[in-house]
Amino acid sequence: MFASAVVRAARLSGRRLQSTVANPALVQADEAFAKLPETAQREELKRLCDIMKADWHKVSLEDKRAVFYATYGLHSRRRPRGKPGDNWKVFGAVVGIAGLAYVISTAMRNSIPKPRTMTREWQEASNEYAKKHNMNPISGISSEGYKGKGFVQ
């Protein structure tokens, strides 16, 4: 009874339940092709190349899927190398290296003494020199009513 219901459903849908070729290349290619040894994969690829040379309209859907998977599927060299959780390891390594670079650059910047021109006394002397020699009299330190710091940082 169940078999007749399946056959009736197949007739109503207009689809065949079997392959149109007597020997389909790979049934469920994604599972079968990846499990084959490398020599068998090469032989299967040769067979699939012969199938691709035939009239494409006459090739069965299973064979088309097998050709597609053998060409573009995730097997052998195309299999992802990373494992779940590797993204977090890479992110942690990048953050760690960036933090280490920040610590090293800060330590180097703080270890070098400031030049003598960056001391407050030198900058105040530069202000006096600028006023004495009337530097930038229009809008600078020598102008009338100037209220800025001048060269003092």
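The values are calculated or read from the model by the stated rules, or taken from the named source; none is laboratory data. All figures in this text were calculated on a predicted structure; none of them were measured in a lab. Backbone-built Cβ (ideal geometry, glycine too); neighbour counts: all protein chains shown.
In the set 21, 7, only one residue is at negative phi, assigned to a loop (DSSP other than H, G, I, E, B) and modelled with pLDDT under 80; that residue is 21.
Of the helices (runs of 4 or more DSSP H) contained entirely in region 35-153, those carrying at least 1 residues that are in contact (Cβ under 8 Å) with a residue 24 or more places away in the chain fall at 38-53, 61-72, 120-132.
Would you mind stating whether residue 142 is modelled with pLDDT under 90 and not assigned by TED's automatic domain parsing to the domain that holds residue 41? Spelling it out, residue 142 is indeed modelled with pLDDT under 90 and not assigned by TED's automatic domain parsing to the domain that holds residue 41. Just one of the listed residues (131, 114, 83) is of a type in the set (Lys, Arg) and surrounded by 10 or more Cβ atoms within 10 Å (Cβ to Cβ), namely 131.
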